[in-house]
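To start, the structure itself, in structure tokens.
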Amino acid sequence: MTQCPPPPPDLGEPSATRFVYGLTLPSAAATPVVAQEAAETILDVHGVEDELIEPTLALVHELTLHACRFTGAGEMVHLVLRRTDGVLQAMAHDTHAPHFHPRLAGQCVERRKVSLTAVRELSESHRGGWGFAAAQPPAAGVCTWATLVHAPQSPATPDAAPERAA
């Protein structure tokens, strides 16, 4: 049963630590740039830490490019950008369903891994993870995800006291 009228929307101030956005975009040459520009606006509105902005934008671009490589012209890719508990996650859904034939499946997995080289490097350099798996129904195709972890600045260690001459 659906509540009518629906509950009110969240009208709180944007938070740098907790948000979620989803974009559905066409599989096209310009899509990675459009996704990156949208992500830049999202990160700016939410005041995400400067040191996460460039890697996140690169991650969004690479994941969207990857999704477009595995989605035919005229079809749509879906991008999700979320932040919870200090972890920034980007997910891209493409429409290329996993293969049932073991040889074809293995070849496709290798193509995906090669396509995701930059995603792996970005994620691992920011203490994150990455991967891909068959999308969960009702979605079809494959969901590819990567995370970035913001490492808080550790307090500066005081310099050792200078030695005194005896």
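The values are calculated or read from the model by the stated rules, or taken from the named source; none is laboratory data. Note that the coordinates shown come from a computational prediction; the quantities given were computed from them, not determined experimentally. Quick reminder, even Gly has a Cβ in these numbers, built from the backbone with ideal geometry, and neighbours come from all protein chains shown.
Below are the figures for this structure:
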item: Top-ranked residue of the stretch 19-28 - restricted to ones that are free of Cβ contacts under 8 Å to residues at least 60 places away in the same chain and more than 13 Å from L65 (Cβ to Cβ), ranked as farthest from the chain's Cα centre (by Cα); result: P26
item: From the options A97, A58, residue that is surrounded by fewer than 23 Cβ atoms within 10 Å (Cβ to Cβ), touching a residue at least 60 places away in the same chain (Cβ under 8 Å) and not polar (S, T, N, Q); result: A58
item: Enumeration of residues in the stretch 119-140 that are surrounded by fewer than 16 Cβ atoms within 10 Å (Cβ to Cβ) and in contact (Cβ under 8 Å) with a residue 24 or more places away in the chain; result: S125, R127, A134, A139, A140
item: Tally, over the stretch 1-14, of residues that are exposed (fewer than 11 other Cβ atoms within 10 Å of the Cβ) and touching a residue at least 24 places away in the same chain (Cβ under 8 Å); result: 0
item: R69 being of a type outside the set (A, V, I, L, M, F, W, C), out of contact with any His (no Cβ under 6 Å at 6 or more places or on another chain), under 15 Å from L148 (Cβ atoms) and touching a residue at least 12 places away in the same chain (Cβ under 8 Å); result: no
item: Tally, over the stretch 1-28, of residues that are assigned to a loop (DSSP other than H, G, I, E, B) and either modelled with pLDDT of 95 or more or not basic (K, R) (or both); result: 19
item: Residue that is surrounded by the fewest Cβ atoms within 10 Å (Cβ to Cβ), among those in the stretch 141-166 that are hydrophobic (A, V, I, L, M, F, W, C) and modelled with pLDDT of 85 or more; result: V149
item: Tally of residues being closer than 17 Å to G131 by Cβ and of a type in the set (V, I, T) across the stretch 65-98; result: 2
item: 3 or more residues more than 11 Å from the chain's Cα centre (by Cα): qualifying strands (runs of 3 or more DSSP E) within the stretch 29-140; result: 76-84, 130-134
item: Set A67, A151, A90: member being closer than 22 Å to P14 by Cβ and not hydroxyl-bearing (S, T, Y); result: A90
item: Leading residue by the ranking (farthest from A73 (Cα to Cα)) among those in the stretch 21-32 that are surrounded by 11 or more Cβ atoms within 10 Å (Cβ to Cβ) and in contact with a strand residue (DSSP E or B) (Cβ under 8 Å, 6 or more places away or on another chain); result: Y21
item: Unmet criterion (only one of (1) crowded, with 21+ Cβ neighbours inside 10 Å; (2) at pLDDT below 95) for G74; result: (1)
item: Selection status of G106, at pLDDT 95 or above, more than 19 Å from G22 (Cβ to Cβ) and touching a Leu at 6+ places or on another chain (Cβ under 7 Å); result: no
